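Each reported figure results from applying straightforward, stated rules to the coordinates on display, with no laboratory input. Computed from a predicted structure; not experimentally measured. Please note: Cβ atoms are built from the backbone with ideal geometry, for glycine as well, and neighbour counts cover all protein chains shown.
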Amino acid sequence: MNPLPSPCVRQCRIDPASGWCVGCLRTLDEITLWRDSSEAQRQVIWQRLAERRQNLAPNSGLSPAMAGASSL
């Protein structure tokens with residue numbers, strides 16, 4: 001089984017209102033912990049990202065790159 005890929009899309013900037021990266025929708029903690037996370041922890045992060053994408057307001061300006069990303 002291949003390790004889960006990083007959600008990073010190299011549009012790294014934290015939105016001050018949400019605390020999420022505008023590219024991948026991760027928090028600073030999730031970004032920092034990613035490298036040392038287990039596969040189970042990475043799956044949890046991917047699930048959170050899927051939920052954030054679903055709840056994201058269309059005009060929020062966050063994550064245009066993630067809009068079409070598949071959830072893992």
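Label-to-label distance, residue 27 versus residue 47, with points set 7 angstrom from Cα along the beta-carbon direction: 1.6 nm. Amide H contacts for residue 20 (H built 1.01 Å from N in the peptide plane; partners 5 or more residues away or on another chain; cut-off under 5 Å): 15. P(r) tail for the stretch 9-53: Cα pairs beyond 14 Å make up 47% of the total.
Label separation (residue 37 vs residue 2): 1.8 nm, computed from points 7 Å beyond Cα along the C-beta direction.
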